[in-house]
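One structure is given here, and the rest of the page talks about it.
The values are calculated or read from the model by the stated rules, or taken from the named source; none is laboratory data. On a predicted model such as this, the values are computed, not experimentally measured, just so you know. Quick reminder, even Gly has a Cβ in these numbers, built from the backbone with ideal geometry, and neighbours come from all protein chains shown. In case anyone asks, the SASA skips ligands and DNA or RNA and just uses the protein heavy atoms, side chains included. Shrake-Rupley method; radii C 1.70, N 1.55, O 1.52, S 1.80 Å.
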Amino acid sequence: MPSINLQLASYSDLFMLIAALVYAVAFIVFAIDLSTSSRTIRTLEAELAAEEAAGAETGAETRSEAEARREQLVGAGVVGSEKKAGQGTTAAPGSRRKGAGGADGDQAAGHGVDLVDDDMAYLGTTRRPAANVAVALTVIGMLLHAFAVIARGVAAHRVPWGNMYEFCTTGALLVAAVYLLFLIRKDIRFLGTFVTGLVVVMMAAATMGFPTPIAHLQPALQSPWIVIHVSIAVLASALFTLTFAMGVLQLIQHRREARMRAGGDSRPAFMRLVPSALSLENWSYRINAVGFVMWTFTLIAGAIWAEAAWGRYWGWDTKEVWTFVIWVVYAGYLHARATRGWTGDRAAWLSIIGFACLVFNFTIVNTYFPGLHSYAGIPE
């Protein structure tokens with residue numbers, strides 16, 4: 001068996017730490033973007049409302065001046081707001097967001113406007129320099145992270161997911177990678193704070209909760225099935241992590257929209273940069289459907305590997321049971337939403353419960369329940 005390259009392993013640990021720090025900075029910059037963007041839009045709205053009110057009373061404001069101020073708002077990404085009678089609107093075609101306040105998404109003055117449509121597109125412009133800096137930092141962090149994960153695998157001459165530390169760090173890498181790939185097609189910068197935050201938590205948990213010195217694989221794991229079974233499981237877990245973040249935002253947005261329909265305020269302000277609860281629910285459903293297919297394959301591949309390793313497809317081992325429980329929860333989520341009309345908060349909570357089962361399976365089951373799958377690698 002080839003010897004372990006300890007020098008390369010030390011580089012892996014170093015780059016893992018640097019990547020975590022870069023992700024942490026990206027998290028902070030994403031949070032600053034949410035705060036400053038919503039505050040800027042609110043200030044511009046207030047200024048425009050005051051100028052229009054003064055112009056209506058004195059007649060001093062010219063049409064060109066009013067249009068210039070509206071262009072500034074549209075350029076900042078504000079669409080779908082309803083103006084006073086006779087003033088007209090500046091909403092771009094197709095920019096109204098249903099469900100945010102009223103039948104067509106029109107909102108009362110002072111209760112906020114839509115900055116993003118249901119297709120996760122910011123109409124008017126994408127001028128959010130802080131968010132763009134945060135995305136660039138996330139890309140840098142992901143590249144450093146990828147080097148750290150690959151270096152650990154090369155140093156040990158095997159795939160880098162043979163214990164909980166490696167599974168967690170590889171999972172965090174895929175969460176960041178999936179987010180950035182999805183960002184190419186859809187503007188989901190609003191998820192950046194939550195995604196980078198979860199990635200930092202996962203890397204911190206791997207380092208502090210599951211520290212594992214680099215070593216060769218245990219004999220039971222020395223099989224080609226580890227590449228197939230575990231890689232798909234990690235990717236499915238990354239997708240479920242994204243939908244967990246969307247589910248939490250959906251719950252917040254749903255309550256915000258209900259409060260606005262009742263004439264209340266539009267706080268929290270950063271939710272003005274987040275799509276409607278219905279849009280979040282629809283996208284979560286699509287991503288969960290893909291993740292469910294992958295988890296189904298994980299379950300099947302695990303059974304085939306179990307037969308090759310232990311001579312039986314299913315033995316009711318604790319890990320096997322909880323993998324099946326996760327499958328049942330997400331199957332129930334997809335079935336309930338598609339056929340039973342379980343939408344809104346109930347769908348979001350089912351998705352969140354599924355992710356909670358995933359976390360329980362990875363942490364508690366791996367750590368405290370002895371079984372054939374006890375490969376945590378945590379030193380006694």
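What tally of residues in region 141-158 results from selecting those that are out of contact with any helix residue (DSSP H, G or I) (no Cβ under 8 Å at 6 or more places or on another chain) and among the hydrophobic types (A, V, I, L, M, F, W, C)?
2
Is it fair to say residue 270 is among the aromatic types (Phe, Trp, Tyr) and surrounded by 15 or more Cβ atoms within 10 Å (Cβ to Cβ)?
Against the criterion (among the aromatic types (Phe, Trp, Tyr) and surrounded by 15 or more Cβ atoms within 10 Å (Cβ to Cβ)), residue 270 qualifies.
Output yes when any residue across region 283-295 is among the basic types (Lys, Arg) and farther than 16 Å from residue 355 by Cα, and no when none is.
no
Results for (1) over 21 Å from residue 128 (Cβ atoms); (2) touching a Gly at 6+ places or on another chain (Cβ under 7 Å); (3) among the aliphatic types (A, V, I, L, M), shown as yes or no for each residue.
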{"residue": "239", "(1), (2), (3)": "yes, yes, yes"}
{"residue": "255", "(1), (2), (3)": "yes, no, no"}
{"residue": "258", "(1), (2), (3)": "yes, no, yes"}
{"residue": "262", "(1), (2), (3)": "yes, no, yes"}
{"residue": "278", "(1), (2), (3)": "yes, yes, yes"}
{"residue": "284", "(1), (2), (3)": "yes, yes, no"}
{"residue": "288", "(1), (2), (3)": "yes, no, no"}
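Read through the list (1) of a type outside the set (Ser, Thr, Tyr); (2) more than 20 Å from the chain's Cα centre (by Cα); (3) assigned to a helix (DSSP H, G or I); (4) surrounded by 17 or more Cβ atoms within 10 Å (Cβ to Cβ), then give the number of the only condition that residue 245 fails.
(2)
Can you find even one residue in region 304-314 that is modelled with pLDDT of 90 or more and surrounded by fewer than 19 Cβ atoms within 10 Å (Cβ to Cβ)?
yes
Name the single residue that is modelled with the lowest pLDDT among those in region 138-160 being over 22 Å from the mean Cα position of the chain (by Cα) and either more than 15 Å from residue 212 (Cβ to Cβ) or open to solvent by 50 Å² or more (accessible area, probe 1.4 Å) (or both).
That would be 157.
Which numbered condition trips up residue 275, out of (1) open to solvent by less than 10 Å² (accessible area, probe 1.4 Å); (2) in contact with a Lys or Arg (Cβ under 8 Å, 6 or more places away or on another chain); (3) part of a helix (DSSP H, G or I); (4) not polar (S, T, N, Q)?
Checking residue 275 against (1) open to solvent by less than 10 Å² (accessible area, probe 1.4 Å); (2) in contact with a Lys or Arg (Cβ under 8 Å, 6 or more places away or on another chain); (3) part of a helix (DSSP H, G or I); (4) not polar (S, T, N, Q), the one that fails is (3).
Within region 325-359, can you find the residues that are surrounded by 15 or more Cβ atoms within 10 Å (Cβ to Cβ) and among the polar types (S, T, N, Q)?
Matches in region 325-359: 343, 351.
Report yes if residue 164 is hydrophobic (A, V, I, L, M, F, W, C), open to solvent by less than 10 Å² (accessible area, probe 1.4 Å) and either more than 19 Å from residue 227 (Cβ to Cβ) or in contact with a Lys or Arg (Cβ under 9 Å, 6 or more places away or on another chain) (or both), otherwise no.
The answer is no for residue 164.
Might you check whether a residue that is buried (at least 21 other Cβ atoms within 10 Å of the Cβ) and out of contact with any helix residue (DSSP H, G or I) (no Cβ under 6 Å at 6 or more places or on another chain) occurs anywhere in region 223-241?
Among the residues of region 223-241, at least one is buried (at least 21 other Cβ atoms within 10 Å of the Cβ) and out of contact with any helix residue (DSSP H, G or I) (no Cβ under 6 Å at 6 or more places or on another chain), which makes the answer yes.
Which count do you get for residues in region 30-59 that are modelled with pLDDT of 85 or more and open to solvent by 30 Å² or more (accessible area, probe 1.4 Å)?
Final tally of qualifying residues: 2.
Working carefully through the options 338, 356, 301, 258, find the one that is among the aliphatic types (A, V, I, L, M), under 26 Å from residue 229 (Cα atoms) and out of contact with any His (no Cβ under 9 Å at 6 or more places or on another chain).
After applying the criteria, what remains is 356.
So which residues in region 255-270 are free of Cβ contacts under 8 Å to residues at least 60 places away in the same chain, aliphatic (A, V, I, L, M) and part of a helix (DSSP H, G or I), if there are any at all?
258
Residue 252 versus (1) without any contact (Cβ under 8 Å) to a residue 40 or more places away in the chain; (2) open to solvent by less than 50 Å² (accessible area, probe 1.4 Å); (3) among the hydrophobic types (A, V, I, L, M, F, W, C): which is the lone unmet condition?
Among (1) without any contact (Cβ under 8 Å) to a residue 40 or more places away in the chain; (2) open to solvent by less than 50 Å² (accessible area, probe 1.4 Å); (3) among the hydrophobic types (A, V, I, L, M, F, W, C), the lone unmet condition for residue 252 is (2).
Identify, please: which residue in region 360-379 is surrounded by 17 or more Cβ atoms within 10 Å (Cβ to Cβ) and not in a loop (DSSP other than H, G, I, E, B) and is, among those, modelled with the highest pLDDT?
Among residues in region 360-379 that are surrounded by 17 or more Cβ atoms within 10 Å (Cβ to Cβ) and not in a loop (DSSP other than H, G, I, E, B), the one modelled with the highest pLDDT is 361.
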